[in-house]
Amino acid sequence: MDTKDIEKLMTGLLQKMNSDGYSKEVISNTVWIINHFKKYCNERSITTVTVPIMAEFLREKYDIDYYNPSSAM
């Protein structure tokens with residue numbers, strides 16, 4: 001996925017989350033994380049989003065192992 005598509009996908013995701021009844025707090029947190037990811041990509045001149053890039057973002061910024069999510073507990 002191209003990083004230019006993040007905004008479009010975020011809009012659709014937020015609409016779906018709203019219609020599914022997610023709380024304003026969860027939606028706000030989602031927006032914050034996506035914006036943080038967009039900034040991460042921009043700072044590193046990343047133009048194509050891949051699973052390894054997202055995994056590195058989660059590990060670096062939140063200490064979450066995407067490949068072993070139970071380790072975050």
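Among the residues making up segment 37-73, those that are more than 15 Å from Ile6 (Cβ to Cβ) and of a type in the set (Lys, Arg) are Arg59, Lys61. Scanning segment 64-73 for residues that are open to solvent by 80 Å² or more (accessible area, probe 1.4 Å) and either under 14 Å from the mean Cα position of the chain (by Cα) or among the charged types (D, E, K, R) (or both) gives a single hit, Tyr66.
The values are calculated or read from the model by the stated rules, or taken from the named source; none is laboratory data. These numbers come from a predicted model, not from an experiment. Ideal geometry is used to build each Cβ from the backbone, glycine not excepted, and the neighbour counts take in all protein chains shown. Protein only, heavy atoms only, side chains kept; ligands, DNA and RNA dropped before computing areas. Shrake-Rupley method; radii C 1.70, N 1.55, O 1.52, S 1.80 Å.
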